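Peer 1: Before anything else, here's the structure in question.
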Amino acid sequence: MADLKNLKGSIVALVTPFAADGSVDFDALGRLIDFHLENETDALLILGTTGESSTMSHEEDDAVCEFTVKRVAGRIPVIAGSGSNSTQTMVEKSLSYQRIGVDGLLLITPYYNKSNEEGIYRHFTAVLDAVDIPCILYNVPGRTGCSISERNVERLAKHPNALGIKEASGNMSYAARIARYVNEDFLMFSGNDDIVLPMMALGASGVISVWANVMPLEVHRMVWDYLEGNHDAALAEQLRCMDLIDALFCEVNPIPVKGALEMMGYGKAEYRQPLCELSEAGRARVEGAMRGVGLIG
């Protein structure tokens, strides 16, 4: 298994390709995994928000984990999103993915039922206590309706199985406050493609990225340019791609990025309801932004 202790770089929040009949398209998934292995993506995150895991069965989740672990064959880390608004379900999924052989887990706050501060703390510690692999906490209040409090970050950061946090609130003030708990044992990753460099200025080790689905090599190089002190080059790339980054979120993720991958020749964009295809306006915006950075002719 890969050692995640010093995980840095571009971690792609990988889409899950579906066939026309709605099933997981494992041939397409294999092509996408190979694309990232060939283009220096530093780690794969499967079954996250971008992977539409909330519409998939537990059996499908396990199958995607098994396929990905086998295809990657230890070349880069594989992290699986095992989150649920049911703590018991999250524990069960986490243990299942650990048995399959993923290198780490992404754990989301409870959504819909939300919970109070102590409940959220117990939600995470239930998994951290149960597993033996590193876990990344996931703060995305725009999706879940609740946030990981600064106090809970401070408490959870001390757990030996807490590798770090994916911070996707977009609130730089919050990010600055929790950055005080970042150290060699507790990392921070940007969960927003439009503020990767500001987050890295606060100590983030990289990004868990939607954008990297379509520009894996460029995102990898941008992050490592920043880490290695080539700040001007990193900034130039972040700013060059801002229109594309914005376009990839012009409709609910992962609708636009799946549309973009279709334009790049990675099969037809298929979704699980309630998600559906890009609107005509959205498609035009994504296509124009892709042309602007040279992704398509």
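Peer 1: Taking residue 121 as the residue in question, decide whether it is hydroxyl-bearing (Ser, Thr, Tyr), over 17 Å from the mean Cα position of the chain (by Cα) and open to solvent by 30 Å² or more (accessible area, probe 1.4 Å).
Peer 2: Here the answer is yes, as residue 121 does meet what is asked.
Peer 1: Would you mind finding the one in 133, 100, 108 that is under 22 Å from residue 172 (Cα atoms) and touching a residue at least 24 places away in the same chain (Cβ under 8 Å)?
Peer 2: Step by step, each of 133, 100, 108 is checked, and only 108 is under 22 Å from residue 172 (Cα atoms) and touching a residue at least 24 places away in the same chain (Cβ under 8 Å).
Peer 1: I'd like to know if region 228-238 contains one or more residues that are over 22 Å from residue 288 (Cα atoms), in contact (Cβ under 8 Å) with a residue 24 or more places away in the chain, more than 18 Å from the chain's Cα centre (by Cα) and buried (at least 19 other Cβ atoms within 10 Å of the Cβ).
Peer 2: Yes - at least one qualifying residue is present in region 228-238.
Peer 1: Out of 104, 74, 81, 48, I need the residue that is over 18 Å from the mean Cα position of the chain (by Cα) and either open to solvent by 20 Å² or more (accessible area, probe 1.4 Å) or under 28 Å from residue 252 (Cα atoms) (or both). Which one?
Peer 2: Going through 104, 74, 81, 48 in turn, the sole match is 74.
Peer 1: Pick out the one residue from 265, 297 that is free of Cβ contacts under 8 Å to residues at least 12 places away in the same chain, farther than 26 Å from residue 24 by Cα and not in a helix (DSSP H, G or I).
Peer 2: 297
Peer 1: Regarding region 188-201, can at least one residue be identified that is in contact with a Gly (Cβ under 9 Å, 6 or more places away or on another chain) and of a type in the set (S, T, N, Q)?
Peer 2: Yes, region 188-201 has at least one match.
Peer 1: OK, next. Please verify whether residue 203 is open to solvent by 30 Å² or more (accessible area, probe 1.4 Å), under 18 Å from residue 172 (Cα atoms) and at pLDDT 95 or above, treating the condition exactly as stated.
Peer 2: On the way: open to solvent by 30 Å² or more (accessible area, probe 1.4 Å): yes; under 18 Å from residue 172 (Cα atoms): yes; at pLDDT 95 or above: yes.
So residue 203 fits the description; yes.
Peer 1: List, please: which pairs have Cβ atoms under 7 Å, are six or more places apart or on different chains, and start with a residue in region 19-33 that is closer than 12 Å to residue 68 by Cα and free of Cβ contacts under 8 Å to residues at least 60 places away in the same chain and end with one that is open to solvent by 50 Å² or more (accessible area, probe 1.4 Å) and not in a loop (DSSP other than H, G, I, E, B)?
Peer 2: 26/67; 29/67; 30/71; 33/71
Peer 1: Here is a follow-up. Please note which helices (runs of 4 or more DSSP H) are completely contained in region 127-240 and include at least 1 residues that are aliphatic (A, V, I, L, M) and under 30 Å from residue 92 (Cβ atoms). Quick ask: steps written out before the conclusion?
Peer 2: Details: elements: 141-144, 150-156, 172-178, 196-201, 216-227, 231-240.
So the answer is 150-156, 172-178.
Peer 1: Determine whether residue 55 is touching a residue at least 40 places away in the same chain (Cβ under 8 Å) and either open to solvent by 10 Å² or more (accessible area, probe 1.4 Å) or closer than 24 Å to residue 248 by Cβ (or both).
Peer 2: Considered against the rule, which asks whether it is touching a residue at least 40 places away in the same chain (Cβ under 8 Å) and either open to solvent by 10 Å² or more (accessible area, probe 1.4 Å) or closer than 24 Å to residue 248 by Cβ (or both), residue 55 comes out as yes.
The values are calculated or read from the model by the stated rules, or taken from the named source; none is laboratory data. Predicted, not measured: the structure shown is a model, and the values here were computed from it. In this analysis, Cβ positions are derived from the backbone assuming ideal geometry, glycine residues included, and neighbour counts consider all displayed protein chains. For accessibility, only protein heavy atoms count, side chains too; no ligands or nucleic acids. Shrake-Rupley method; radii C 1.70, N 1.55, O 1.52, S 1.80 Å.
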